[in-house]
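Working notes for the structure below.
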Amino acid sequence: MPGNADIPFSNMFTGIIEATEKIITLQPISGKKLITISRPAIFDDLKIGCSIACDGICLTVVQFDDKAFTVEIMNETLQKSTAKNWTSGKILNLERALKLNSRVDGHFVQGHIDRELRLISHLKREGTDYLHLEFPRQESNLIVPQGAIALNGVSLTIAEIRSNYFSVALIGHTLTHTNLGTIKTGEKVNVEYDILGKYVLSQIPKG
């Protein structure tokens, strides 16, 4: 599409985290929250109305300056995601919306959180870190071996599936450049199941 190479692909991300920054302030307003976050230096193209995935949640920029930006988060999203428990100082994974000329190094991520999942263990095997996450049995058809999944906005591949949990492997880059390595056992992460799997599932006749 000549002339439009740098247009953001609204509400679409890749799950490749660009930066991690801390929350500065949270301001409740009529059932929603305004969240002000430190602005990464590389976010040099911000404008009002642009989309940023914050720990995997697609949020809209409503204000910004050289040092910070503010996004608005609605009550429905607060209820189904970890955002309800965010506090000042929390480190968030950040990614700007995909541009039309960008490579998709992860997978297509919408920034629409399906639910929270609890971390049941973080283990190291043969030099590799594995996260084991509990999931509801009724959603087992959305999780497939070697399938894609986004956790706190990070594009990952499912390494193993058991009856009540699945695992993902974290490479060194992911541990260094995202907040997943800091999640403690018992804490929850935001999950977005693969959109392709959800579309396929929606076409299967029910009953």
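If only residues of region 179-202 that are among the basic types (K, R) and surrounded by 13 or more Cβ atoms within 10 Å (Cβ to Cβ) are counted, the one that is nearest to S167 (Cα to Cα) is K188. Please work out which one of (1) polar (S, T, N, Q); (2) within 20 Å of I183 (Cα to Cα); (3) in contact with a helix residue (DSSP H, G or I) (Cβ under 8 Å, 6 or more places away or on another chain) is the condition N85 fails and give its number. It is condition (3) that N85 fails. Any residue in region 153-174 that is in a helix (DSSP H, G or I) and either within 17 Å of the chain's Cα centre (by Cα) or assigned by TED's automatic domain parsing to the domain that holds V61 (or both)? Scanning region 153-174, I find at least one residue that is in a helix (DSSP H, G or I) and either within 17 Å of the chain's Cα centre (by Cα) or assigned by TED's automatic domain parsing to the domain that holds V61 (or both), so the answer is yes. Here V154, V189, V144, V104 are screened, and the one residue that is within 12 Å of G15 (Cβ to Cβ) and either touching a strand residue (DSSP E or B) at 6+ places or on another chain (Cβ under 8 Å) or at pLDDT 90 or above (or both) is V154. Taking into account only those residues within region 164-180 that are of a type in the set (S, T, Y) and touching a His at 6+ places or on another chain (Cβ under 8 Å), which is nearest to K90 (Cα to Cα)? If we take residues in region 164-180 being of a type in the set (S, T, Y) and touching a His at 6+ places or on another chain (Cβ under 8 Å), then S167 is nearest to K90 (Cα to Cα). Selection over region 7-61 of residues that are outside any loop (DSSP other than H, G, I, E, B) and surrounded by 13 or more Cβ atoms within 10 Å (Cβ to Cβ) gives a count of 24.
Sub-8 Å Cβ pairs linking a first residue in region 58-79 that is touching a residue at least 24 places away in the same chain (Cβ under 8 Å) to a second residue that is buried (at least 19 other Cβ atoms within 10 Å of the Cβ) and in a helix (DSSP H, G or I), at least 6 apart or interchain, are I73/A83; T77/A83, ordered by first then second residue. When each of I149, I52, I120 is tested for being in contact with a Leu (Cβ under 8 Å, 6 or more places away or on another chain), more than 20 Å from Y199 (Cβ to Cβ) and in the same structural domain as E192 (by TED's automatic domain parsing), the lone residue that passes is I120. No other residue among V71, V109 is outside the structural domain of G31 (by TED's automatic domain parsing), surrounded by 20 or more Cβ atoms within 10 Å (Cβ to Cβ) and of a type outside the set (K, R) apart from V109. For region 121-135, give me each residue that is in a loop (DSSP other than H, G, I, E, B) and farther than 24 Å from F13 by Cβ. Scanning region 121-135 gives E126, G127.
Output the residue which, of all residues in region 80-89 that are surrounded by 13 or more Cβ atoms within 10 Å (Cβ to Cβ) and in contact (Cβ under 8 Å) with a residue 40 or more places away in the chain, is nearest to D114 (Cα to Cα).
S81
From the list L123, L92, the one residue that fits, being buried (at least 19 other Cβ atoms within 10 Å of the Cβ) and of a type in the set (A, V, I, L, M, F, W, C), is L92. Here is the figure for region 136-152: residues that are part of a strand (DSSP E or B) and over 17 Å from H173 (Cα atoms) total 2. Restricted to region 30-46, and to residues there that are out of contact with any strand residue (DSSP E or B) (no Cβ under 7 Å at 6 or more places or on another chain) and farther than 20 Å from H177 by Cα, the residue that is modelled with the lowest pLDDT is G31. The single condition among (1) under 27 Å from G127 (Cα atoms); (2) without any contact (Cβ under 8 Å) to a residue 60 or more places away in the chain; (3) hydrophobic (A, V, I, L, M, F, W, C); (4) out of contact with any helix residue (DSSP H, G or I) (no Cβ under 8 Å at 6 or more places or on another chain) that V200 does not satisfy is (1).
The values are calculated or read from the model by the stated rules, or taken from the named source; none is laboratory data. Keep in mind that what you see is a predicted model, and the values were worked out from it rather than measured. Note: ideal-geometry Cβ built from the backbone for every residue, glycine included; neighbour counts use all protein chains shown.
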